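The values are calculated or read from the model by the stated rules, or taken from the named source; none is laboratory data. Computed from a prediction, not measured in an experiment: that's the story for all the values here. Quick reminder, even Gly has a Cβ in these numbers, built from the backbone with ideal geometry, and neighbours come from all protein chains shown. What goes into the accessible areas is simple: the full protein's heavy atoms, side chains included, and nothing from ligands, DNA or RNA. Shrake-Rupley method; radii C 1.70, N 1.55, O 1.52, S 1.80 Å.
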Amino acid sequence: QVQLTESGGGSVQPGGSLRLTCAASGRTVGTYAMGWIRQAAGKEREFVAAIDWTAFMRDYGKSANGRLHISRDNTKNTMELRMYNRTPEDTAGYYCAVGPTWKKLQESRAEYWGRGTQVTVSP
């Protein structure tokens, strides 16, 4: 069993930056894809970003617009999402997700989920 713990959420002003971290425990996730899914109040889940187990392949959702960078450290069982130039539309709960492939994470078909961390963008 894998437990995923997110950290780094909080409040930021428009134009600001945040760094989210996901730490996996219970077993290594070094051979899994890792990613982030977000969900705003009253809206459906939205794919944010994913990275494959080699860290060579990265994929970003439609809302990224060059404002995101995803990375991972398999030696530490962690993943990081750096978010830049935030707007109020980026306000949402951000969930760490782990699955066999990054394509499955695009479809929110993760095998493991974290509890989420809230990101709020407001003046």
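Cβ-Cβ below 8 Å, separation at least six or inter-chain, first residue in segment 31-55 and without any contact (Cβ under 8 Å) to a residue 40 or more places away in the chain and more than 15 Å from Thr75 (Cβ to Cβ), second basic (Lys, Arg) and assigned to a strand (DSSP E or B): which pairs?
Partner pairs satisfying both residue conditions: Ala49/Arg58.
Any residue that is under 23 Å from Ser122 (Cβ atoms) and crowded, with 19+ Cβ neighbours inside 10 Å - is there at least one of those in segment 51-67?
No; the residues of segment 51-67 include none that is under 23 Å from Ser122 (Cβ atoms) and crowded, with 19+ Cβ neighbours inside 10 Å.
Name the pairs whose Cβ atoms lie under 8 Å apart, with the first residue in segment 58-72 and more than 16 Å from Lys104 (Cβ to Cβ), the second surrounded by fewer than 16 Cβ atoms within 10 Å (Cβ to Cβ) and among the small types (Gly, Ala, Ser), and 6 or more positions between them or separate chains?
Ser71/Ala55; Arg72/Ala55
Considering only residues that are open to solvent by less than 30 Å² (accessible area, probe 1.4 Å) and among the basic types (Lys, Arg), which ones fall in segment 1-45?
Of everything in segment 1-45, just one residue is open to solvent by less than 30 Å² (accessible area, probe 1.4 Å) and among the basic types (Lys, Arg), namely Arg38.
Can you tell me which of (1) open to solvent by less than 20 Å² (accessible area, probe 1.4 Å); (2) outside any strand (DSSP E or B) is the one Val48 doesn't meet?
Among (1) open to solvent by less than 20 Å² (accessible area, probe 1.4 Å); (2) outside any strand (DSSP E or B), Val48 violates only (2).
Tell me which strands (runs of 3 or more DSSP E) are completely within segment 61-109 and hold 2 or more residues being in contact with a strand residue (DSSP E or B) (Cβ under 9 Å, 6 or more places away or on another chain) and farther than 22 Å from Gly30 by Cβ, or say none if there are none.
Output list reads 92-99.
Considering (1) over 19 Å from Tyr32 (Cβ atoms); (2) touching a residue at least 60 places away in the same chain (Cβ under 8 Å); (3) open to solvent by 30 Å² or more (accessible area, probe 1.4 Å), say which one Arg86 fails and leave the rest.
Of the numbered conditions (1) over 19 Å from Tyr32 (Cβ atoms); (2) touching a residue at least 60 places away in the same chain (Cβ under 8 Å); (3) open to solvent by 30 Å² or more (accessible area, probe 1.4 Å), the odd one out for Arg86 is (3).
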